[in-house]
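Student: Shown below is the structure under consideration.
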Amino acid sequence: QLQAFGGGLVQAGGSLRLSCVSSGSIFSIKVMGWYRQAPGKQRELLASITDGGRAYYVDSVKGRFTISRDNAKNTVYLQMNSLKPEDTAVYYCYADLAASRYWGHGTQVTVSS
């Protein structure tokens, strides 16, 4: 089970850190990451990180968002800086384990202009 925390309301230019906590060990999870879904839009992959620490970012968040994982805390983080109103969305974390993808519940991020 994955639980996402850290969403909220922030002004443009501000920062938030999202956390995705797993109820079990993430040590053996190959890939974890974050999607977001804005109203009326498709879910968009933002960032992912492998068990080896290799990170991927979609172009729209490169240089602003940083994904990291702490296996000891069974947690994946998404540090979001220089937030823009267009970052407003529900953010979801996921984990790829074996042949399955597991999703956390969403956390709302709202960026005011």
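The values are calculated or read from the model by the stated rules, or taken from the named source; none is laboratory data. Because the structure is a prediction, the values reported are computed rather than measured. Reconstructed Cβ throughout: ideal geometry from the backbone, glycine too, with neighbour counts over all protein chains shown. Each accessible area value is taken on the protein alone, full model and side chains, heavy atoms only, with ligands, DNA and RNA left out. Shrake-Rupley method; radii C 1.70, N 1.55, O 1.52, S 1.80 Å.
Student: In region 62-76, which residues are buried (at least 21 other Cβ atoms within 10 Å of the Cβ) and either β-branched (V, I, T) or farther than 18 Å from S19 by Cβ (or both)?
Tutor: Residues satisfying the conditions are I67, V76.
Student: Still on this structure: Could you tell me whether G53 is open to solvent by 30 Å² or more (accessible area, probe 1.4 Å) and farther than 20 Å from W103 by Cβ?
Tutor: Yes; evaluated as a whole, the condition is true for this residue.
Student: Let me ask something else about it. Which count do you get for residues in region 41-64 that are within 23 Å of N81 (Cβ to Cβ) and in a loop (DSSP other than H, G, I, E, B)?
Tutor: Going through region 41-64 one residue at a time, the tally reaches 8.
Student: So, in region 20-40, of the ones that are assigned to a loop (DSSP other than H, G, I, E, B) and without any contact (Cβ under 8 Å) to a residue 60 or more places away in the chain, which residue ends up nearest to the chain's Cα centre (by Cα)?
Tutor: A38
Student: Something else about it: Within region 77-113, track down each residue that is touching a Phe, Trp or Tyr at 6+ places or on another chain (Cβ under 8 Å), open to solvent by less than 50 Å² (accessible area, probe 1.4 Å) and among the hydrophobic types (A, V, I, L, M, F, W, C).
Tutor: Scanning region 77-113 gives L78, M80, C93, A95, V109.
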